[in-house]
Amino acid sequence: MRTNQNVLGLVFASIHDSAILDLTKQRTMGSVLFGGRYRLIDFPLSNFVNSGISQVGVITKRNYGSLLDHIGSGREWDLARKNGGLHLLPPFSHTSSTVYSGRLDALGNVWSFVEHSNADYVILSDCDIVTTIDYRPAVAAHIRSGADITAIYAKGFYDQTTESSATIFGVGEDGFVNDVMVDPPMTGACNLSLDMYIMSKDFLRKIVKESMSRNRYSFRRDILLDRNANYRVFAYEHTGYYSKIDSLPSYFAANLALLDSKNREALFTKAAPIYTKTKDNAPVRFGLESHIKNSLIADGCIIEGKVENCVLFRGVRIGKGTVVRDSIITQDTVIGERCAIRNVITDKNVRIADERQLTGSKGYPLFIGKGAQI
């Protein structure tokens, strides 16, 4: 694919870690497993690459060992390059010896990397949105509009009682943002920010330097909310499939939504594939008494029981007489014989002994931490 050296992509791998603490105790948001064989960071990285962007920086915060192991040199995304390519950026604050306090503080910390890129435009993206998007028309719309910031949004539904965080836009007939609400006390249809922003490097430099001098850290509150009247913010609507992961129940629902073939086809397209780290696992092995219904099963699994409406990651083992329903069973989990599992999320390397019964609910699934033995 033809590359666009005029655009730099920045991914915030840790900015939403607090949203799903169960899964981010030992990893960043970007390295959370998703969809049977992916990590959340695969989506922004693939979107950049499929949009011809070959200069990408990944901004970390803490617990990024798993992330580093996953992305490596960036070879799987064709980002192992002498010019441009993938760069893992350090987590320390520019103004103190601690990790950064917000998006603007993080940008100030890595500004030398941004400054030395040959890009004229910068795209900011997080890891909490699972979607496929082509940034090329969005960048073109940003340039045509003459805006200071282009904010990418989608029409969605916000419920203050179940969602932990959201930025809601009011959009005028001219396509520009005329109102911004952060974590509003409302429930209903809205223009939901996807936390993807396009700016010129010159403008981004201006707001980062000014924010650092005024001890401001939050891009949402200190720029979009407090300074909305000072800047021209253009709203670009993303009409494709997406899911926002801001809680354990939303993570559970986003994974199980992939059991619907329409959602899979909308998210994983031939024109813009989602790349990930490849592994040389054996094919799935099904026992003579196994029964599978409406499930996603990654390579390397051994199934001798019954699996219905589940997402199974690489290397999962299901024993004889065991029934697993409506669950997300992640990498290298072993479930013994004659077990009953329903509405459960297991982290990696969980061991469940024979004849165990574990049940959660769809609204709040039972979570079993990494390496647990039950």
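Suppose we keep only residues that are closer than 21 Å to I129 by Cβ and of a type in the set (G, A, S) within segment 148-174. Which one would you say is farthest from the chain's Cα centre (by Cα)?
Here the answer is G170.
Hey, R62 hits all of (1) at pLDDT 90 or above; (2) assigned to a loop (DSSP other than H, G, I, E, B) but one; which does it fall short on?
Just one mismatch for R62, condition (1).
Just checking, does segment 29-38 include any residue being more than 16 Å from the chain's Cα centre (by Cα) and at pLDDT 90 or above? I'd like the intermediate steps shown before the answer.
Taking segment 29-38 as the starting set, the residues that turn out to be more than 16 Å from the chain's Cα centre (by Cα) are none.
Checked segment 29-38: no residue is more than 16 Å from the chain's Cα centre (by Cα) and at pLDDT 90 or above.
Sort out which residues of segment 184-199 are outside any strand (DSSP E or B), touching a strand residue (DSSP E or B) at 6+ places or on another chain (Cβ under 8 Å) and open to solvent by 20 Å² or more (accessible area, probe 1.4 Å), and write them in order of number.
Initially, segment 184-199 is screened for residues outside any strand (DSSP E or B), giving 184-186.
With touching a strand residue (DSSP E or B) at 6+ places or on another chain (Cβ under 8 Å) added as a condition, the list becomes 184, 186.
Result: M186, single match.
Name every residue in segment 206-241 that is closer than 18 Å to K155 by Cβ, in a loop (DSSP other than H, G, I, E, B) and open to solvent by less than 40 Å² (accessible area, probe 1.4 Å), in order of residue number.
H238, G240
For segment 242-298, give me each residue that is charged (D, E, K, R) and either surrounded by 17 or more Cβ atoms within 10 Å (Cβ to Cβ) or under 17 Å from the mean Cα position of the chain (by Cα) (or both).
Initially, segment 242-298 is screened for residues charged (D, E, K, R), giving 244, 246, 260, 262, 264-265, 270, 277, 279-280, 285, 289, 293.
Across segment 242-298, the qualifying residues are K244, D246, R264, K277.
Could you tell me whether any residue of segment 154-164 is β-branched (V, I, T) and assigned to a helix (DSSP H, G or I)? Step through it out loud before you land on a result.
So the first thing to find is which residues in segment 154-164 are β-branched (V, I, T), and the list is 161-162.
Okay, now just the ones that are also assigned to a helix (DSSP H, G or I), so none.
The answer is no, given that none of the residues of segment 154-164 is β-branched (V, I, T) and assigned to a helix (DSSP H, G or I).
Residues of segment 338-351 being more than 20 Å from F252 (Cα to Cα) and open to solvent by less than 70 Å² (accessible area, probe 1.4 Å), which ones?
Answer for segment 338-351, where residues must be more than 20 Å from F252 (Cα to Cα) and open to solvent by less than 70 Å² (accessible area, probe 1.4 Å): just C339.
Any residue in segment 254-283 that is touching a residue at least 24 places away in the same chain (Cβ under 8 Å) and within 19 Å of D78 (Cα to Cα) sitting within a Cβ distance under 9 Å of a residue that is of a type in the set (A, V, I, L, M) and open to solvent by 30 Å² or more (accessible area, probe 1.4 Å)? List the pairs, counting only those 6 or more apart or interchain.
none
Residues of segment 352-367 being touching a residue at least 60 places away in the same chain (Cβ under 8 Å), assigned to a loop (DSSP other than H, G, I, E, B) and either open to solvent by less than 70 Å² (accessible area, probe 1.4 Å) or among the aromatic types (F, W, Y) (or both), which ones? So that I can check it myself, show each step before the final result.
Step one: of segment 352-367, the residues touching a residue at least 60 places away in the same chain (Cβ under 8 Å) are 362-365, 367.
Still in the running and assigned to a loop (DSSP other than H, G, I, E, B): 362-365.
Within segment 352-367, G363, Y364, P365 meet the criteria.
Collect the residues in segment 73-99 that are assigned to a loop (DSSP other than H, G, I, E, B), open to solvent by less than 40 Å² (accessible area, probe 1.4 Å) and modelled with pLDDT of 80 or more, keeping them in residue-number order. Write out each step before concluding.
If we filter segment 73-99 for residues that are assigned to a loop (DSSP other than H, G, I, E, B), which is where we start, we get 73-74, 78-84, 90-91, 93-98.
Adding the requirement that they be open to solvent by less than 40 Å² (accessible area, probe 1.4 Å) leaves 74, 79, 84, 91, 93.
Passing the criteria: G74, L79, G84.
The values are calculated or read from the model by the stated rules, or taken from the named source; none is laboratory data. Please read all numbers here as calculations on a predicted model, not as lab measurements. Using ideal geometry, Cβ is built from the backbone for each residue, glycine included, and neighbour counts are taken over all protein chains shown. All accessible areas refer to the heavy atoms of the entire protein, side chains included, with ligands and DNA or RNA removed. Shrake-Rupley method; radii C 1.70, N 1.55, O 1.52, S 1.80 Å.
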